[in-house]
1. Residue 145 - would you say it is of a type outside the set (Gly, Ala, Ser) and within 25 Å of residue 70 (Cα to Cα)?
2. Of everything in the range 32-54, what is crowded, with 17+ Cβ neighbours inside 10 Å, in contact with a Gly (Cβ under 9 Å, 6 or more places away or on another chain) and not hydrophobic (A, V, I, L, M, F, W, C)? Give them in sequence order.
3. Kindly provide the set of residues from the range 20-46 that are over 24 Å from residue 88 (Cα atoms) and modelled with pLDDT of 80 or more, ordered by number.
4. Take residue 155 and decide whether it is out of contact with any Pro (no Cβ under 9 Å at 6 or more places or on another chain) and among the polar types (S, T, N, Q).
5. For the range 75-150, list the strands (runs of 3 or more DSSP E) that sit wholly inside it and hold at least 2 residues that are at pLDDT 85 or above, out of contact with any Ser or Thr (no Cβ under 7 Å at 6 or more places or on another chain) and surrounded by 17 or more Cβ atoms within 10 Å (Cβ to Cβ); which are they?
6. So, of the residues in the range 151-188 that are surrounded by fewer than 22 Cβ atoms within 10 Å (Cβ to Cβ) and among the small types (Gly, Ala, Ser), which turns out to be modelled with the lowest pLDDT?
7. When residue 123 is evaluated against the numbered criteria (1) touching a Phe, Trp or Tyr at 6+ places or on another chain (Cβ under 6 Å); (2) over 18 Å from residue 79 (Cβ atoms), which criterion, by number, is the only one it fails?
8. So which pairs qualify, if the first residue must be in the range 163-190 and at positive phi, the second must be surrounded by 13 or more Cβ atoms within 10 Å (Cβ to Cβ) and among the hydroxyl-bearing types (Ser, Thr, Tyr), the Cβ gap must be under 7 Å, and the two must be at least 6 apart or on different chains?
Amino acid sequence: MKKSCIYCLVIVLILVALTGCSKLLNGKYDPDLSIGEQIKTRHYEGHASDFGKNQLLNEMLECIKDKDVDRMMNLFSDYALEENDDLKEELKHLYESFPEINEVKNNCCSVSGGHNRGSTEYEYKYQVMADIYDTKGNKYGFICVWIEGYSDNPNMQGLHSIQLVSEDAYWADKFEVHVLEDRPGVYVYI
């Protein structure tokens, strides 16, 4: 009887190990994961806001520089991809509108949300922000909202929205700050 229990336990442990995330090595971060996979599976090194401030921002700026729509699409959550059929066109518009970067300053990442004690309800939202200066000295705000976790809809995990706001649009109050409740997408205010 004891041997059969031990065999059952071993089989269960093997099944759990086999059905776990194949991109993890013994439960540790796997550097072979794409940034999009890291966002969608919450498997990255360090604190989430540092991840957003550095790796995610750099990945997005590289996508913009390379005008790589497909690579940027991989960063968006499944929810964003389902809810916005125009996402590819919006990204193309962003790429056409994006200034030639001279300098990136003040990149930061704010955190909101939390976990309700004693329950499995949680919501973690990060807002990655940076000031972009073009070659003529014009300033733009670059704001990205990404969801690390959302218990009401796990498909929301990933990039939710990107916003590019020129300084002129900002001071003329010709833009909106898009949040989690808004339609996911790409918003350009120039």
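The values are calculated or read from the model by the stated rules, or taken from the named source; none is laboratory data. Predicted model only: the values in this text are computed from it and were never measured. Cβ placement follows ideal geometry from the backbone for every residue including glycine, while neighbour counts extend to all protein chains displayed.
1. Yes; evaluated as a whole, the condition is true for this residue.
2. The answer is 36, 40.
3. Pass one, the range 20-46, residues over 24 Å from residue 88 (Cα atoms): 20-32, 42-46.
Answer for the range 20-46, where residues must be over 24 Å from residue 88 (Cα atoms) and modelled with pLDDT of 80 or more: there is none.
4. Working: out of contact with any Pro (no Cβ under 9 Å at 6 or more places or on another chain): yes; among the polar types (S, T, N, Q): yes.
When the stated conditions are applied, residue 155 passes them.
5. Qualifying strands (runs of 3 or more DSSP E): 122-134, 139-150.
6. 151
7. For residue 123, the exception is condition (2).
8. 185/161
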